[in-house]
Amino acid sequence: MTRLILSRPNVAAFVAAVLIIMTGGAAVASNMGFKMNKSLHPPNASIPGAGDNWISLPYNRPYTTYADLCSQLGLPNVSTRVLQINPETGATQSCQCGTPSCSTLKLDLSNLPPIQRPCMLPAPYLGVQIRNTTFVAGTSSAIFTGSHNPTQQVCLRRIPSAACGDVTAGASVNIGTTWFSIPYHTSAVTFQDLCAQMGLQPFGATVQRTDPVTGNQPSALCGTSSAAQMHLVLGEAVKIRRTTFGPCTPISSIPAHY
């Protein structure tokens with residue numbers, strides 16, 4: 001399946017064409033099964049960001065660890081890096097497919113101590129970056145499967161703030177940065193739709209994507225005309241980061257979907 005960009009007139013067609021029901025019976029929107037063939041793009045040494053394939057994973061899926069993801073997607077060993085960013089600490093968690101550490105790292109970060117997990121909870125809503133030096137443009141892809149969890153909350157941590165008791169000196173710029181796995185049957189079309197559904201606009205937040213082909217990283221501030229004009233891309237995780245210090249508590253929401 002080629003990469004599609006959502007637009008309002010074809011949302012219904014998009015849902016019908018892209019979502020393939022894995023169970024034998026009728027579909028129920030809250031726990032609909034997904035099967036999606038997602039293109040994966042190679043890096044380009046002269047284009048920073050190219051080859052950074054940020055993928056939305058279904059919240060319920062047949063892979064728990066990075067090793068599961070590597071093996072079930074058939075990702076080449078050693079040359080494939082799987083990476084996530086921890087919004088709580090700003091640290092990256094990554095491994096090369098085929099190495100022992102991939103078997104211990106979990107895609108929801110539940111392998112970490114509770115204080116290091118996003119909002120102190122396992123986070124199945126985190127996107128994953130897949131980068132491989134042997135991918136071939138136009139031919140490399142992987143089939144992602146799973147289903148949605150309609151009760152799963154997405155938790156966005158505050159950015160470091162002295163007013164909230166954080167130590168800001170030397171704090172990672174990735175603290176509070178959440179690479180969010182957008183549900184495959186999302187009802188959001190634009191960045192602004194996502195902002196509104198997650199209740200971000202009153203607090204200030206930016207939404208950003210990385211184009212794995214061009215390396216471009218378009219972003220927009222919630223509530224602006226730019227956010228209303230930028231479209232989400234099928235199967236692609238986006239980076240969300242709050243831009244204001246208050247409130248000191250996390251912002252939680254349940255993703256809207258069809």
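The values are calculated or read from the model by the stated rules, or taken from the named source; none is laboratory data. If you're wondering where the values come from, they're calculated on a predicted model, not measured in any experiment. A quick note on method: Cβ atoms are made from the backbone with ideal geometry, for glycine too, and the neighbour counts reach across all protein chains shown.
Points to keep in mind about this one:
- Residue within segment 7-14 that is in contact with a Lys or Arg (Cβ under 6 Å, 6 or more places away or on another chain), within 21 Å of Arg209 (Cβ to Cβ) and either modelled with pLDDT under 95 or buried (at least 16 other Cβ atoms within 10 Å of the Cβ) (or both) present: no
- Pick from segment 153-178, criterion surrounded by 15 or more Cβ atoms within 10 Å (Cβ to Cβ) and of a type in the set (Val, Ile, Thr), ranking: nearest to Cys248 (Cα to Cα): Ile159
- Whichever residue in segment 36-86 is closer than 14 Å to Ala142 by Cα and of a type in the set (Gly, Ala, Ser) and, among such residues, is surrounded by the fewest Cβ atoms within 10 Å (Cβ to Cβ): Gly74
- Failed item, numbered, when Ala188 is tested on (1) part of a loop (DSSP other than H, G, I, E, B); (2) touching a residue at least 24 places away in the same chain (Cβ under 8 Å); (3) more than 18 Å from Leu57 (Cβ to Cβ): (3)
- Positions within segment 229-244 being touching a Cys at 6+ places or on another chain (Cβ under 9 Å) and crowded, with 17+ Cβ neighbours inside 10 Å, in sequence order: Ile240
- Inter-residue pairs, beta-carbon under 9 Å, first in contact (Cβ under 8 Å) with a residue 12 or more places away in the chain and in segment 157-173, second aliphatic (A, V, I, L, M) and outside any loop (DSSP other than H, G, I, E, B), 6+ apart: Arg157/Ile251; Arg158/Ile251
- Residue in segment 185-200 that is small (Gly, Ala, Ser), farther than 19 Å from Leu83 by Cα and over 20 Å from the mean Cα position of the chain (by Cα) present: no
- In this entry, Ala162 is excluded by the filter for residues that are among the hydrophobic types (A, V, I, L, M, F, W, C) and touching a His at 6+ places or on another chain (Cβ under 8 Å).
- Looking across segment 199-253, the residues that are within 15 Å of Gly176 (Cα to Cα) and in a loop (DSSP other than H, G, I, E, B) come down to Leu200, Phe203, Gly204, Thr243, Thr244, Phe245, Gly246, Pro247, Cys248, Thr249, Pro250.
- Segment 201-228, residues that are in contact with a strand residue (DSSP E or B) (Cβ under 7 Å, 6 or more places away or on another chain) and more than 23 Å from Lys38 (Cα to Cα): Phe203, Gly204, Ala205, Thr206, Ala220, Leu221, Cys222, Ser226, Ala227, Ala228
- Residue list for segment 108-145, filter: among the aliphatic types (A, V, I, L, M) and either surrounded by fewer than 20 Cβ atoms within 10 Å (Cβ to Cβ) or farther than 14 Å from Gly74 by Cβ (or both): Leu109, Leu112, Ile115, Met120, Leu121, Ala123, Leu126, Val128, Val136, Ala137, Ala142, Ile143
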